[in-house]
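A.B. asks: Here it is, the structure in full.
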Amino acid sequence: TNQWALLVGVNDYPGEIQDLRFARNDARSIKELLTTSAGFAEDQIRLLTDDGVGEARATKANIFAAIDQYLLPRVQPGHQVLVFFAGHG
């Protein structure tokens with residue numbers, strides 16, 4: 001299909017920044033909604049969370065890599081791209 005998504009959820013923050021309780025679960029819920037109700041293919045969604053492993057960990061480098069190395073080569077004119085970020089903006 002021509003639908004792509006990058007979903008990011010971050011609960012835990014260093015230092016004095018207040019941690020969140022539901023951000024990573026919100027990102028996971030959006031993924032479930034997209035695959036079950038919006039027709040997104042599982043392999044056209046990138047989910048990054050702060051408890052993810054390897055490329056699925058929500059780091060600055062992995063977020064940029066998801067854009068540059070995952071989305072950029074695949075997304076074509078006319079495709080839909082959804083970006084969802086749950087965390088401190």
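A.B. asks: Condition check: in a loop (DSSP other than H, G, I, E, B), modelled with pLDDT of 95 or more and not acidic (Asp, Glu). Does Gly89 satisfy that?
C.D. replies: Numbers: in a loop (DSSP other than H, G, I, E, B): yes; modelled with pLDDT of 95 or more: no; not acidic (Asp, Glu): yes.
Considered against the rule, which asks whether it is in a loop (DSSP other than H, G, I, E, B), modelled with pLDDT of 95 or more and not acidic (Asp, Glu), Gly89 comes out as no.
A.B. asks: Here's something else I'd like to know. Which condition does Asn62 not pass, out of (1) out of contact with any strand residue (DSSP E or B) (no Cβ under 6 Å at 6 or more places or on another chain); (2) over 14 Å from Phe84 (Cα atoms), if it passes all the others?
C.D. replies: So Asn62 meets the others, but not (1).
A.B. asks: For the stretch 2-15, what are the residues that are open to solvent by 10 Å² or more (accessible area, probe 1.4 Å) and either in contact with a Phe, Trp or Tyr (Cβ under 7 Å, 6 or more places away or on another chain) or assigned to a strand (DSSP E or B) (or both)?
C.D. replies: Across the stretch 2-15, the qualifying residues are Gln3, Trp4.
A.B. asks: Condition first: open to solvent by 70 Å² or more (accessible area, probe 1.4 Å), in a helix (DSSP H, G or I) and at pLDDT 95 or above. Can you find one or more residues in the stretch 69-79 that meet it?
C.D. replies: So far as the stretch 69-79 goes, yes, one or more of its residues are open to solvent by 70 Å² or more (accessible area, probe 1.4 Å), in a helix (DSSP H, G or I) and at pLDDT 95 or above.
Listed here are the residues, each with its yes/no results for (1) open to solvent by 50 Å² or more (accessible area, probe 1.4 Å); (2) in contact (Cβ under 8 Å) with a residue 60 or more places away in the chain; (3) part of a loop (DSSP other than H, G, I, E, B); (4) of a type outside the set (A, V, I, L, M).
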residue: Ile17; (1), (2), (3), (4): yes, yes, yes, no
residue: Ala27; (1), (2), (3), (4): no, no, no, no
residue: Thr35; (1), (2), (3), (4): no, no, no, yes
residue: Phe40; (1), (2), (3), (4): no, no, yes, yes
residue: Ala61; (1), (2), (3), (4): yes, no, no, no
residue: Ile67; (1), (2), (3), (4): yes, yes, no, no
residue: Val83; (1), (2), (3), (4): yes, yes, no, no
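A.B. asks: Would you pick out the residues in the stretch 42-56 that are loosely packed, with under 15 Cβ neighbours inside 10 Å and either of a type in the set (Gly, Ala, Ser) or part of a strand (DSSP E or B) (or both)?
C.D. replies: Correct list: Gly54, Ala56.
The values are calculated or read from the model by the stated rules, or taken from the named source; none is laboratory data. Please read all numbers here as calculations on a predicted model, not as lab measurements. Virtual Cβ from ideal backbone geometry, glycine too; neighbours counted across all protein chains shown. Areas reflect the complete protein model, heavy atoms only, side chains present, ligands, DNA and RNA absent. Shrake-Rupley method; radii C 1.70, N 1.55, O 1.52, S 1.80 Å.
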